[in-house]
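> Pasting a structure below so you can have a look.
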Amino acid sequence: MIETFDVAVVGGGVVGCAVARLLSHHQLDVALLEANGDVGAGTSKANTAILHTGFDATPGSVEARLVARGYALLSAYAPTAGISVEETGAVLVAWDDEQHANLAKLADKARANGYMHAEVVDTATARSLEPHLGPGVTGAMVVPHEHIIDPWSTPIAFATEAVTNGSTLLRNFRVASCEVGVEVTTLTSADGRQVRTRFVVNAAGLHGDTVHRAFGFDGFTVSPRRGELIVFDKLARPLLRRTILPVPTSHTKGVLVAPTVFGNVMVGPTADDIEDRAATGSTRSGVDGLLAKCRRIIPDLLDEELTAVYAGLRAATEHSDYQLSADGGARYV
(Lines give C-alpha, C1' and ligand atoms only; values in the text may rest on other atoms or scores of the structure.)
Protein backbone atom coordinates (compact mmCIF):
# COMPACT_ATOMS: atom_id res chain seq x y z
CA MET A 1 0.00 0.00 0.00
CA ILE A 2 1.22 3.49 -0.87
CA GLU A 3 0.57 6.01 1.90
CA THR A 4 -1.59 8.97 0.89
CA PHE A 5 -0.43 12.32 2.25
CA ASP A 6 -2.52 15.41 2.77
CA VAL A 7 0.18 17.66 1.26
CA ALA A 8 3.36 16.95 -0.68
CA VAL A 9 5.87 19.80 -0.83
CA VAL A 10 8.13 19.46 -3.89
CA GLY A 11 11.54 20.97 -3.18
CA GLY A 12 13.61 20.86 -0.01
CA GLY A 13 15.23 24.25 -0.30
CA VAL A 14 14.69 26.98 2.25
CA VAL A 15 11.23 27.79 0.84
CA GLY A 16 10.01 24.20 0.69
CA CYS A 17 11.38 23.41 4.15
CA ALA A 18 9.71 26.52 5.57
CA VAL A 19 6.38 25.49 4.04
CA ALA A 20 6.72 21.95 5.39
CA ARG A 21 7.58 23.29 8.84
CA LEU A 22 4.49 25.49 8.89
CA LEU A 23 2.18 22.72 7.66
CA SER A 24 3.60 20.32 10.25
CA HIS A 25 2.02 22.45 12.98
CA HIS A 26 -1.42 21.42 11.71
CA GLN A 27 -3.23 18.08 11.73
CA LEU A 28 -1.84 17.10 8.34
CA ASP A 29 0.24 14.26 6.92
CA VAL A 30 3.02 16.10 5.09
CA ALA A 31 5.67 14.78 2.70
CA LEU A 32 8.73 16.86 1.81
CA LEU A 33 10.25 15.68 -1.49
CA GLU A 34 13.83 16.66 -2.27
CA ALA A 35 15.56 15.73 -5.53
CA ASN A 36 19.05 15.79 -4.01
CA GLY A 37 20.61 13.83 -1.20
CA ASP A 38 19.86 16.42 1.47
CA VAL A 39 17.77 19.51 2.06
CA GLY A 40 19.18 22.92 1.23
CA ALA A 41 21.44 21.45 -1.46
CA GLY A 42 20.44 23.78 -4.31
CA THR A 43 20.19 27.57 -4.38
CA SER A 44 19.83 27.62 -0.59
CA LYS A 45 23.40 26.46 -0.03
CA ALA A 46 25.09 29.04 -2.26
CA ASN A 47 23.93 32.58 -1.67
CA THR A 48 25.00 35.81 0.00
CA ALA A 49 23.68 34.87 3.47
CA ILE A 50 21.97 38.22 4.02
CA LEU A 51 18.82 38.52 6.14
CA HIS A 52 17.41 41.39 4.13
CA THR A 53 15.02 44.11 5.30
CA GLY A 54 13.66 44.43 1.75
CA PHE A 55 14.21 48.20 1.70
CA ASP A 56 15.02 48.18 -2.03
CA ALA A 57 12.19 45.97 -3.33
CA THR A 58 9.57 47.40 -5.69
CA PRO A 59 6.85 48.87 -3.45
CA GLY A 60 3.60 46.95 -3.68
CA SER A 61 5.21 43.85 -5.18
CA VAL A 62 4.87 40.32 -3.87
CA GLU A 63 8.63 40.40 -3.25
CA ALA A 64 8.38 43.52 -1.07
CA ARG A 65 5.63 41.98 1.06
CA LEU A 66 7.26 38.58 1.48
CA VAL A 67 10.84 39.77 2.06
CA ALA A 68 9.68 42.10 4.84
CA ARG A 69 7.52 39.35 6.36
CA GLY A 70 10.33 36.82 6.07
CA TYR A 71 12.75 39.24 7.71
CA ALA A 72 10.47 39.58 10.72
CA LEU A 73 9.75 35.86 10.99
CA LEU A 74 13.33 34.64 10.59
CA SER A 75 14.76 37.33 12.88
CA ALA A 76 12.50 35.98 15.62
CA TYR A 77 12.95 32.29 14.76
CA ALA A 78 16.73 32.08 14.30
CA PRO A 79 17.71 32.52 17.98
CA THR A 80 15.18 29.88 19.08
CA ALA A 81 16.62 27.30 16.68
CA GLY A 82 20.32 28.02 17.20
CA ILE A 83 20.78 29.64 13.78
CA SER A 84 23.67 32.12 13.87
CA VAL A 85 22.51 35.64 13.01
CA GLU A 86 24.17 39.02 13.50
CA GLU A 87 22.92 42.57 12.99
CA THR A 88 25.77 44.33 11.24
CA GLY A 89 23.82 46.94 9.32
CA ALA A 90 24.74 47.88 5.78
CA VAL A 91 26.01 50.86 3.85
CA LEU A 92 24.97 51.33 0.22
CA VAL A 93 27.93 53.00 -1.50
CA ALA A 94 27.75 55.22 -4.60
CA TRP A 95 30.82 55.43 -6.81
CA ASP A 96 29.78 58.07 -9.34
CA ASP A 97 27.38 61.00 -9.68
CA GLU A 98 24.62 58.91 -11.26
CA GLN A 99 24.67 56.39 -8.43
CA HIS A 100 24.79 59.22 -5.91
CA ALA A 101 21.66 60.76 -7.45
CA ASN A 102 19.87 57.43 -7.03
CA LEU A 103 20.48 57.29 -3.28
CA ALA A 104 17.62 59.68 -2.51
CA LYS A 105 15.32 57.60 -4.72
CA LEU A 106 16.34 54.45 -2.86
CA ALA A 107 15.63 56.15 0.47
CA ASP A 108 12.16 57.07 -0.83
CA LYS A 109 11.65 53.47 -1.96
CA ALA A 110 12.66 52.22 1.50
CA ARG A 111 10.09 54.49 3.12
CA ALA A 112 7.44 53.31 0.65
CA ASN A 113 8.25 49.76 1.77
CA GLY A 114 7.72 50.75 5.40
CA TYR A 115 11.41 50.93 6.30
CA MET A 116 11.95 54.35 7.87
CA HIS A 117 15.56 54.07 9.01
CA ALA A 118 17.54 54.50 5.76
CA GLU A 119 19.73 57.61 5.83
CA VAL A 120 21.67 59.21 2.98
CA VAL A 121 25.10 60.46 4.08
CA ASP A 122 27.96 62.35 2.43
CA THR A 123 31.35 61.03 1.40
CA ALA A 124 33.12 62.03 4.61
CA THR A 125 30.53 60.22 6.72
CA ALA A 126 30.72 57.14 4.51
CA ARG A 127 34.49 57.03 4.99
CA SER A 128 34.18 57.47 8.74
CA LEU A 129 31.80 54.50 8.83
CA GLU A 130 33.99 52.31 6.60
CA PRO A 131 37.57 53.63 6.60
CA HIS A 132 38.92 51.00 4.19
CA LEU A 133 36.68 51.96 1.26
CA GLY A 134 38.55 52.60 -1.98
CA PRO A 135 38.86 55.99 -3.69
CA GLY A 136 35.98 57.51 -5.63
CA VAL A 137 33.12 57.29 -3.11
CA THR A 138 30.51 59.99 -3.84
CA GLY A 139 28.08 59.25 -1.02
CA ALA A 140 26.22 56.46 0.72
CA MET A 141 23.00 55.33 2.32
CA VAL A 142 23.06 53.63 5.71
CA VAL A 143 20.64 50.76 6.40
CA PRO A 144 21.17 49.93 10.07
CA HIS A 145 18.99 46.80 10.38
CA GLU A 146 20.50 44.48 7.76
CA HIS A 147 21.66 41.14 9.20
CA ILE A 148 24.00 38.35 8.19
CA ILE A 149 22.90 34.78 8.85
CA ASP A 150 23.99 31.15 8.56
CA PRO A 151 22.18 30.08 5.36
CA TRP A 152 22.89 26.35 5.69
CA SER A 153 21.42 25.81 9.15
CA THR A 154 18.17 27.56 8.20
CA PRO A 155 16.64 24.91 5.87
CA ILE A 156 18.04 22.15 8.10
CA ALA A 157 16.29 23.69 11.12
CA PHE A 158 13.00 24.01 9.22
CA ALA A 159 13.17 20.43 7.93
CA THR A 160 14.18 19.04 11.34
CA GLU A 161 11.19 20.69 12.97
CA ALA A 162 8.88 19.39 10.25
CA VAL A 163 10.16 15.82 10.65
CA THR A 164 10.03 16.06 14.45
CA ASN A 165 6.37 17.04 14.09
CA GLY A 166 5.67 13.92 12.04
CA SER A 167 6.36 14.96 8.45
CA THR A 168 8.05 12.52 6.06
CA LEU A 169 11.25 13.58 4.30
CA LEU A 170 11.95 11.72 1.05
CA ARG A 171 15.39 12.48 -0.36
CA ASN A 172 16.66 11.69 -3.87
CA PHE A 173 13.05 11.98 -5.01
CA ARG A 174 13.13 13.92 -8.27
CA VAL A 175 9.58 14.29 -9.58
CA ALA A 176 9.47 12.97 -13.15
CA SER A 177 5.70 12.92 -13.73
CA CYS A 178 2.40 13.59 -12.03
CA GLU A 179 -1.10 12.27 -12.53
CA VAL A 180 -3.91 14.42 -11.14
CA GLY A 181 -6.88 12.31 -10.16
CA VAL A 182 -10.29 13.33 -8.87
CA GLU A 183 -9.15 13.37 -5.24
CA VAL A 184 -5.51 12.26 -5.25
CA THR A 185 -2.43 13.23 -7.24
CA THR A 186 0.25 10.62 -7.86
CA LEU A 187 3.84 11.87 -8.10
CA THR A 188 6.36 9.49 -9.65
CA SER A 189 10.09 9.91 -9.13
CA ALA A 190 12.79 9.40 -11.74
CA ASP A 191 13.58 5.99 -10.21
CA GLY A 192 9.96 4.84 -10.19
CA ARG A 193 8.90 5.53 -6.61
CA GLN A 194 5.45 7.01 -6.09
CA VAL A 195 3.80 9.36 -3.63
CA ARG A 196 0.04 9.88 -3.45
CA THR A 197 -1.16 13.19 -2.10
CA ARG A 198 -4.28 15.30 -1.95
CA PHE A 199 -2.49 18.63 -2.41
CA VAL A 200 0.85 19.64 -3.93
CA VAL A 201 3.00 22.68 -3.19
CA ASN A 202 5.60 23.41 -5.87
CA ALA A 203 8.73 24.91 -4.29
CA ALA A 204 11.11 23.25 -6.73
CA GLY A 205 13.28 26.31 -7.38
CA LEU A 206 15.38 25.82 -10.50
CA HIS A 207 13.00 23.09 -11.64
CA GLY A 208 9.83 24.90 -10.60
CA ASP A 209 8.74 25.47 -14.20
CA THR A 210 9.22 21.78 -15.03
CA VAL A 211 6.91 20.76 -12.19
CA HIS A 212 4.50 23.55 -13.14
CA ARG A 213 4.21 22.22 -16.68
CA ALA A 214 3.80 18.66 -15.44
CA PHE A 215 0.54 19.88 -13.93
CA GLY A 216 -0.47 21.39 -17.25
CA PHE A 217 0.25 25.01 -16.40
CA ASP A 218 2.45 27.62 -18.05
CA GLY A 219 3.31 31.24 -17.38
CA PHE A 220 6.99 31.29 -16.47
CA THR A 221 10.28 29.74 -17.52
CA VAL A 222 13.25 29.41 -15.20
CA SER A 223 16.55 30.69 -16.58
CA PRO A 224 19.44 29.83 -14.27
CA ARG A 225 21.38 32.89 -13.16
CA ARG A 226 24.81 31.93 -11.88
CA GLY A 227 26.22 33.86 -8.97
CA GLU A 228 29.88 33.29 -8.13
CA LEU A 229 31.32 34.31 -4.77
CA ILE A 230 34.71 34.32 -3.11
CA VAL A 231 35.58 34.04 0.58
CA PHE A 232 38.56 35.67 2.26
CA ASP A 233 40.36 34.48 5.38
CA LYS A 234 39.15 35.56 8.82
CA LEU A 235 42.14 37.88 9.13
CA ALA A 236 40.33 40.11 6.61
CA ARG A 237 37.37 40.66 8.94
CA PRO A 238 38.66 43.94 10.50
CA LEU A 239 38.56 45.60 7.06
CA LEU A 240 34.83 46.23 7.28
CA ARG A 241 32.24 46.84 9.96
CA ARG A 242 29.06 46.44 7.92
CA THR A 243 27.81 44.82 4.76
CA ILE A 244 28.85 47.07 1.87
CA LEU A 245 26.18 47.13 -0.82
CA PRO A 246 26.26 48.54 -4.36
CA VAL A 247 23.57 50.66 -5.93
CA PRO A 248 21.32 48.02 -7.59
CA THR A 249 20.38 47.77 -11.26
CA SER A 250 17.35 46.21 -12.99
CA HIS A 251 19.37 43.02 -13.61
CA THR A 252 21.15 42.51 -10.33
CA LYS A 253 21.68 43.95 -6.90
CA GLY A 254 25.37 43.91 -7.79
CA VAL A 255 28.46 42.77 -5.95
CA LEU A 256 28.53 43.20 -2.20
CA VAL A 257 31.26 42.80 0.37
CA ALA A 258 29.99 41.29 3.60
CA PRO A 259 31.19 39.75 6.80
CA THR A 260 29.93 36.26 7.55
CA VAL A 261 28.69 34.81 10.82
CA PHE A 262 31.72 32.51 10.67
CA GLY A 263 34.17 35.44 10.78
CA ASN A 264 35.21 35.54 7.13
CA VAL A 265 34.62 38.16 4.45
CA MET A 266 32.56 37.26 1.40
CA VAL A 267 32.47 39.04 -1.98
CA GLY A 268 29.86 38.49 -4.70
CA PRO A 269 27.77 37.49 -6.47
CA THR A 270 28.21 37.76 -10.19
CA ALA A 271 25.05 37.49 -12.32
CA ASP A 272 25.40 35.43 -15.50
CA ASP A 273 22.38 33.98 -17.30
CA ILE A 274 23.18 30.44 -18.46
CA GLU A 275 21.25 27.41 -19.71
CA ASP A 276 22.68 24.54 -17.65
CA ARG A 277 20.69 24.11 -14.44
CA ALA A 278 23.53 22.17 -12.85
CA ALA A 279 26.49 24.42 -13.75
CA THR A 280 27.60 25.40 -10.26
CA GLY A 281 31.32 25.45 -11.01
CA SER A 282 33.33 28.62 -10.56
CA THR A 283 35.00 30.29 -13.54
CA ARG A 284 38.27 32.12 -14.04
CA SER A 285 36.48 35.13 -15.48
CA GLY A 286 34.04 35.20 -12.57
CA VAL A 287 36.78 35.14 -9.94
CA ASP A 288 38.82 37.74 -11.81
CA GLY A 289 35.77 40.00 -12.05
CA LEU A 290 35.13 39.75 -8.33
CA LEU A 291 38.76 40.53 -7.52
CA ALA A 292 38.47 43.60 -9.72
CA LYS A 293 35.44 44.69 -7.69
CA CYS A 294 37.46 44.17 -4.51
CA ARG A 295 40.16 46.43 -5.90
CA ARG A 296 37.62 49.24 -6.16
CA ILE A 297 35.51 48.64 -3.05
CA ILE A 298 38.13 47.62 -0.46
CA PRO A 299 41.58 47.50 -2.09
CA ASP A 300 43.22 46.12 1.06
CA LEU A 301 41.25 42.88 0.59
CA LEU A 302 43.65 41.93 -2.20
CA ASP A 303 46.40 41.61 0.40
CA GLU A 304 44.40 38.95 2.26
CA GLU A 305 44.30 35.22 1.64
CA LEU A 306 41.46 33.97 -0.55
CA THR A 307 40.32 30.72 1.05
CA ALA A 308 37.30 29.55 -0.96
CA VAL A 309 35.24 30.12 -4.10
CA TYR A 310 31.75 28.86 -4.81
CA ALA A 311 28.81 29.44 -7.13
CA GLY A 312 25.06 29.12 -6.90
CA LEU A 313 22.21 29.24 -9.41
CA ARG A 314 19.20 31.47 -8.86
CA ALA A 315 15.84 30.71 -10.43
CA ALA A 316 15.40 33.82 -12.55
CA THR A 317 12.35 34.09 -14.80
CA GLU A 318 11.02 36.52 -17.40
CA HIS A 319 9.06 38.20 -14.60
CA SER A 320 10.57 40.74 -12.21
CA ASP A 321 8.42 39.59 -9.29
CA TYR A 322 7.96 36.35 -7.38
CA GLN A 323 5.50 33.88 -8.92
CA LEU A 324 2.63 32.71 -6.72
CA SER A 325 -0.49 30.94 -7.96
CA ALA A 326 -3.02 28.33 -6.88
CA ASP A 327 -5.47 26.07 -8.68
CA GLY A 328 -8.27 24.55 -6.63
CA GLY A 329 -9.23 22.00 -9.27
CA ALA A 330 -5.73 20.56 -9.44
CA ARG A 331 -5.24 21.07 -5.69
CA TYR A 332 -1.93 22.69 -6.57
CA VAL A 333 0.03 25.74 -5.36
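The values are calculated or read from the model by the stated rules, or taken from the named source; none is laboratory data. This one's a predicted model, so the numbers in the text were calculated from it and none came from an experiment. Counting neighbours? That spans all protein chains shown, and the Cβs are built from the backbone with ideal geometry, glycine included. Side chains included, ligands, DNA and RNA excluded: accessible areas come from the protein's heavy atoms. Shrake-Rupley method; radii C 1.70, N 1.55, O 1.52, S 1.80 Å.
> Just need the relative contact order of the chain here, percent rounded to a whole number, with Cα pairs under 8 Å and 6+ apart.
Reported as a whole number, the value is 23 percent.
> How big is the equivalent ellipsoid of the chain along its three axes, where each semi-axis is √(5λ) from the Cα gyration tensor, reported in whole Å from largest to smallest?
Numbers: eigenvalues 294, 80, 71 Å².
Sorted largest first and rounded, they come to 38, 20, 19 Å.
> Something else: Using only the C-alpha atoms of segment 208-333, find the volume of their convex hull and express it per residue in Å³. Intermediate values should be presented prior to the final figure.
Values: hull volume 16.5 nm³, N = 126.
Residue-normalised Cα hull volume stands at 131 Å³.
> Got a number for the accessible area of Y71? Probe 1.4 Å, square angstrom, nearest 10.
40 Å²
> Considering only protein heavy atoms and a 1.4 Å probe, what is the carbon-and-sulfur percentage of the accessible area of the chain?
Numbers: 8390 of 15730 Å².
Answer for the chain: carbon and sulfur cover 53 percent of the accessible area.
> Taking 1 over the mean of 1/r across every pair of different Cα atoms in segment 41-195, what Kirkwood radius in Å do you get? Working shown, then result.
On the way: mean 1/r = 0.0530 Å⁻¹.
In segment 41-195 this quantity evaluates to 18.9 Å.
> Could you let me know the centre-to-centre spacing of segment 164-231 and segment 268-300, using Cα atoms, in angstrom?
Answer, in whole Å: 30.
> Working out 0.36 nm times the residue gap between T168 and R213, then minus their Cα-Cα distance, what length gain in nm do you get to one decimal? It would help to have the intermediate numbers written out before the result.
Details: separation 45, 0.36 × 45 = 16.20 nm, distance 2.50 nm.
Roughly 13.7 nm would be gained on extension.
> Ignoring ligands, DNA and RNA, what accessible area per residue does the chain give at 1.4 Å, in Å²? List each step's numbers first, then the result.
Numbers: 15730 Å² over 333 residues.
Result: 47 Å² of accessible area for each residue.
> Still on this structure, I have one more. Along the charge dipole of the chain, pointing to its positive end and built from +1/-1 on Cβ of Lys, Arg, Asp and Glu, which listed residue (A8, H25, V67) has its Cα farthest out?
Farthest towards the positive end: H25.
> Helix-only mean residue ellipticity at 222 nm, the chain, DSSP H runs n ≥ 4 weighted -39,500 (n - 2.57), per residue, nearest 500. What is it?
Working: 7 runs with 86 residues, N = 333.
-8000 deg cm²/dmol, from helical runs alone.
> Here is a follow-up. Residues in segment 39-59, backbone N under 18 Å from the label point at D321 (7 Å along the Cα-to-beta-carbon vector): list them, ranges by number please.
Hits in segment 39-59 for D321 at 18 Å: 54-59.
> Sticking with the crude label model, points 7 Å out along Cα→Cβ, report the distance from L73 to D122 in nm, one decimal please.
It is 4.4 nm.
> Follow-up question, since we're still on this one. Between D276 and I2, what is the label-point separation in nm under the 7 Å Cα-to-beta-carbon projection?
3.4 nm
> Only loop residues by DSSP count here, and only those with at most 16 other Cβ atoms within 10 Å; note down the GluC sites (Glu not before Pro) in segment 168-232 that meet that.
Numbers: sites: E179, E183, E228; in loops: E183.
Listed in order of number, the matching sites are E183.
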